[in-house]
Structures are given as C-alpha cells and as structure tokens.
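A short worksheet on the structure shown next.
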Amino acid sequence: MIRKKSYEFPYFWILAFAAFTFFLFLPAFKSYFFQDDWFSFSISQASTIQDFLNFFIPRSDVIYYRPLGMQIPFFLVRKLFGINPLPFKVATLLAHFLNGYIVYLLFIKLLNKRLLGLVASFLYLTSATHQIIFYWSATFAFILAPTFYFGSFLFFAKRRNLISFRLFCLGLLTNELLITIPIILTLWSWFEERQIRIRHLIHYWFVLGIYLVARFVVFGLPEGGNYSFSLNLKQPVITLRNFTLWVFNWPEEIQAQFTRIFSLNRLFLQEFASSIAIFSALTTVFIVFFILIPLFIRVRTKRVHLNSRIILFGISWFIITSFPVLFLVSHAFTYYVPIPLFGVLLVGFGLFDAYSGLKYGLRYKVILLCVFSALWYYSALENMRLNQLIHWAPQRADKSRFLVSRFKEKYTHVSKGAIIIVTVGGYKEYRWALGDQNAFQALLNDQTILTYFGQTSYYFADRGIIDKEQQTQIEKTLYIIP
C-alpha cells in the first residue's frame with residue numbers, strides 16, 4: 001500500500017474545521033454595518049478611474065493606509081451588492097479558511113508533523129481573536145493581513161522568492177502589519193542557515209524603506225484617529241500581557257479590568273467567575289502540558305531533543321509581529337493578534353514534540369491534543385457568548401441596524417441635503433454606531449445630509465431658533481427618528 005504524503009490536501013479535516021469555524025462565528029453573520037464601516041463607505045466612492053487610483057494615495061485625515069484592505073473592498077461591495085454586509089461576511093470566512101490552510105502548510109514545512117499542522121490549523125481557525133473581524137467589516141484588512149503575511153513567509157521558506165516578494169508588496173497595500181515581514185524573513189534566514197542571505201532580502205528592505213518614507217515623509221504624518229504612543233517601557237509589557245491572554249481566548253474586555261499591571265479587578269472576577277474559570281483552565285493546560293512538562297521531559301530524558309531553533313523563532317515571531325502596536329496606548333484590540341498567535345502555536349508545538357521521545361508518546365500526544373482542542377473550542381464559544389453581552393461591537397451593530405431600519409420604515413423618500421434628527425436616548429452610543437455623519441450620507445449617497453443626535457428642542461436651541469412658529473415650519477422639513 002502506498003503511503004499518502006503529508007502535504008496532500010486534508011479534505012475531511014479542512015471541511016470539519018470549516019464547519020466548526022462557521023458555527024463559532026455564526027452570530028456575527030447577523031450583524032450590520034456600524035461605526036468605521038460607514039466611514040469606510042464614505043472614503044471608498046469613485047466615479048472615475050482617477051477617483052479609483054486616488055485610493056492608493058495616503059489621506060491626511062486617515063492614520064492607516066489600507067487601499068487593498070479597505071477602500072477597494074468597500075467600493076466593490078457597494079458597486080456589486082449595494083449596502084449589504086453579507087458579502088463581507090462571506091469574503092471574511094473564505095479568507096479565514098485560506099489562512100487556516102496556510103497555517104497547516106507552514107507547520108508541515110517548519111515541523112514536518114502533519115498531526116501538529118492539523119491541530120494548529122484548527123486552533124487558528126477557531127481562535128476568538130478573529131471574532132471582531134467577523135462583526136466589523138472595517139477590519140477586513142486584518143483578515144487579509146495574515147493571508148499575505150503567512151503566504152509571503154511560506155513561499156520564502158520554500159525558496160519561491162518572487163512569489164513571496166509580490167505577496168509582501170500587496171500586503172503593504174493591505175495592512176501596515178506587513179512592515180515586520182523583512183525582519184521575520186531575515187531572522188528565519190539566520191535560524192535556518194546560520195547566515196543572512198542578503199541578495200534574497202535586500203529588495204524587501206528596499207521596498208519597506210520606500211513605503212515608510214512615502215507614508216510618513218512625502219505625504220506627511222496623518223492627523224486622523226485616536227492613536228497615541230507611549231515610550232514608557234511599561235506600555236509594551238501591558239500590550240504583550242493583553243496579547244498573551246487574548247491568544248488563549250480571554251475576552252478583549254480583560255485589558256480594562258487590571259487594577260495593576262498583573263492584578264485583576266475582584267468584582268470582575270466574581271461577576272464572571274464561571275467564564276474566568278474556563279479561560280484560566282485553557283491557559284493552565286497550555287502552560288503545564290505544552291511548556292513545563294516538555295521541558296521537564298527534556299531535562300530528565302537525554303534522548304529527547306527539542307527543536308530550539310523553532311522554539312526561539314516562535315518567541316521572536318510573537319514579539320516582532322506585535323511590535324507595530326506595542327507602544328500604542330488604549331488602542332490594542334484582539335484583531336491585532338492573529339499574526340502573533342502563529343508564534344505562540346509554534347512555540348507550544350515545538351515544545352510539545354518532546355512527547356514523541358516517550359514510550360506510547362503518540363498516544364499521549366493524541367489524547368492531549370484532543371482534550372486541549374476541545375477546551376480551546378469551548379473557551380472560544382464562551383468568549384463569543386460573553387462578548388455578545390458586554391462588547392461594544394455587537395451592541396453598536398445592533399444599534400446601527402435598529403436606527404437604519406426604523407428610518408427606512410418611516411421614510412421612503414428623502415430630499416437632498418436633508419436634516420435627520422435621532423431622538424432615541426443614549427445619543428453618544430448611537431453617534432458611535434452610525435459613525436456620526438457617515439451612515440446616512442452613505443446610505444442615501446448624499447454628502448450634504450446632516451444627522452443630529454438629540455431632541456428636536458435641543459436642535460433648535462443649538463441654532464438659536466426660539467420662535468415657535470418658525471420651529472413648527474422647520475420641523476416639517478426634518479426627518480425625525482423617534
């Protein structure tokens with residue numbers, strides 16, 4: 001009987017993983033556009049070829065530069081499907097499946113272990129760090145970033161440098177997280193061959209240099225966004241702490257619950273005790289069975305050899321790929337974690353291979369991997385459940401859908417330059433949900449529309465209109481969402 005090669009496409013497992021992934025993120029498929037989604041529509045309008053080409057010119061009012069990850073996807077979706085969130089959900093899911101398969105191929109390449117590659121792919125696909133990306137179409141660039149990042153690294157490791165370089169260039173036009181690729185490739189060259197292949201790397205560094213100069217010198221520092229940096233060495237420790245917890249499916253909210261750098265709010269621990277127990281169990285199992293016991297086996301059993309090269313590379317990967325946001329204050333989110341997540345999986349499975357040197361090692365490995373995978377998936381489900389209750393993304397998506405639906409039910413025709421008054425309570429959250437002025441301007445394709453959040457009386461007071469008759473006449477021209 002001919003033995004199947006390890007790199008053959010694992011049809012059954014990929015389909016099974018796809019089913020688990022789809023079920024996990026299914027609640028997000030019901031979510032609507034909100035917040036930055038509306039802004040993305042507003043900056044993704046083009047009626048001429050020149051307008052389309054302008055997508056590739058950095059804007060002074062937008063801090064990020066993601067034409068392939070933001071403007072073009074939003075332009076195409078609107079052109080082909082209208083203001084419809086479902087195409088984004090489907091595209092996100094398909095790109096995510098592709099990323100999971102690339103992770104599988106990377107583990108085959110780096111560890112030459114098909115079993116570990118399959119499990120790593122499952123863990124990556126069902127990681128709760130992807131949750132917000134499925135809810136929030138404005139973060140579509142963060143599902144494409146791993147595609148280009150992992151793809152570029154995979155082809156470089158396979159010495160397919162031209163494909164790797166092209167993916168890197170496309171990635172820079174998709175998401176700024178790709179700026180660390182030259183560092184990763186340089187590091188891999190050193191770990192793999194104990195030398196740096198300069199002629200295979202210089203074009204990556206050259207393009208990166210052009211990108212940085214063009215982005216921050218030629219076009220100037222952008223003014224938009226609420227991004228702030230801190231050079232305090234405490235900040236990267238906080239960011240790495242958050243990223244490490246998020247890797248193990250802890251909810252994003254956990255970053256706001258630290259009273260000190262490693263001390264959690266007791267009220268939060270008490271109120272969500274059952275959820276905390278699940279996340280703590282997963283983290284503990286990983287530390288004990290994927291780090292401590294393998295290290296103990298290595299110390300006690302001389303015939304067991306750990307792949308220190310892969311382990312050190314995995315640690316370096318986690319830190320380096322986290323670097324673009326290490327010094328950001330109050331602007332680190334779980335959607336930054338999928339690329340660093342690969343490094344943690346590489347470290348864990350690099351150490352986990354120590355079980356192979358034991359008698360019945362394969363049996364132990366299969367049992368541990370099954371238990372850990374089940375606990376991982378359960379914790380991801382719990383994260384999804386918890387975030388639907390406490391996270392701003394699902395809540396603002398619901399608020400946005402509510403207001404848009406109510407508006408469409410009440411008004412079938414809206415005049416150009418209309419004034420829309422949102423009188424529903426909780427004005428601040430509704431303003432966030434609609435992206436301030438962007439939602440109705442995008443929906444009605446009219447940049448002159450004004451949206452006011454507050455009671456009609458506040459609107460008149462803000463404009464100094466005190467005459468009752470004048471108010472009555474003006475009120476007839478307003479579009480009020482009660």
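What follows draws every value from the coordinates through simple rules; no lab data is involved. As the structure is a computational prediction, the values presented were derived from the model and not from experiment. Don't worry about glycine lacking a Cβ; one is built from the backbone with ideal geometry, like all the others, and counts go over all protein chains shown.
At a glance:
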read-out	value
Against the rule of thumb 2.2 N^0.38 Å, how large the Cα Rg of region 387-482 comes out	1.13
Rounded to whole Å, sorted largest first: equivalent-ellipsoid semi-axes of the chain, Cα gyration tensor	45, 26, 21
Simple label model, 7 Å out from Cα along Cβ direction - PHE191 to LEU267, nm	4.4 nm
ARG363-LEU450 FRET efficiency (beta carbon distance; Förster radius 56 Å; 0.05 resolution)	0.25
Region 106-140 and region 375-440: distance between their alpha carbon centers, rounded to Å	29 Å
The chain - share of DSSP beta bridges that are antiparallel (%, nearest 5)	25 percent
Least to most buried among VAL329, VAL90 (fewest other Cβ within 10 Å first)	VAL90, VAL329
Potential lengthening between ASN232 and ILE466 on full extension [0.36 nm per residue; Cα-Cα distance subtracted]	79.1 nm
Helical mean residue ellipticity (222 nm; -39500 (n - 2.57) per DSSP H run of 4+; nearest 500) of the chain	-18500 deg cm²/dmol
Nearest 10 degrees, 0 to 90: helix 86-111 Cα axis against the chain principal axis	20 degrees
Residue-span extension gain [THR477 to ARG300] - 0.36 nm each, minus C-alpha spacing	55.6 nm
Tilt relative to the chain, helix 72-81 - C-alpha long axis, 0 to 90 degrees, to 10	60 degrees
Listed residue pairs exceeding 21 Å between alpha carbons, taken from LYS113/LYS365; LYS399/LYS428; LYS30/LYS408; LYS416/LYS476; LYS30/LYS410; LYS113/LYS158	LYS30/LYS410
Rough spin-label spacing in nm, given labels placed 7 Å along Cα→Cβ, for ARG406 and GLU253	2.4 nm
Label point distance in nm, TYR378-ARG159, each placed 7 Å from Cα along Cα→Cβ	4.7 nm
Sorted peptide list for 258-270, 195-207, 241-253, criterion being average Cβ within 10 angstrom, highest first	241-253, 195-207, 258-270
DSSP bridge pairs, region 394-481: antiparallel proportion in percent, nearest 5	0 percent
Angle between the chain longest axis and helix 273-286 axis [Cα atoms, degrees, rounded to 10]	30 degrees
For MET384, MET70, order by how many other beta-carbon atoms lie within 10 Å, fewest first	MET384, MET70
Mean separation of Cα contacts under 8 Å (6+ apart) over length of region 394-481, as relative contact order %	40 percent
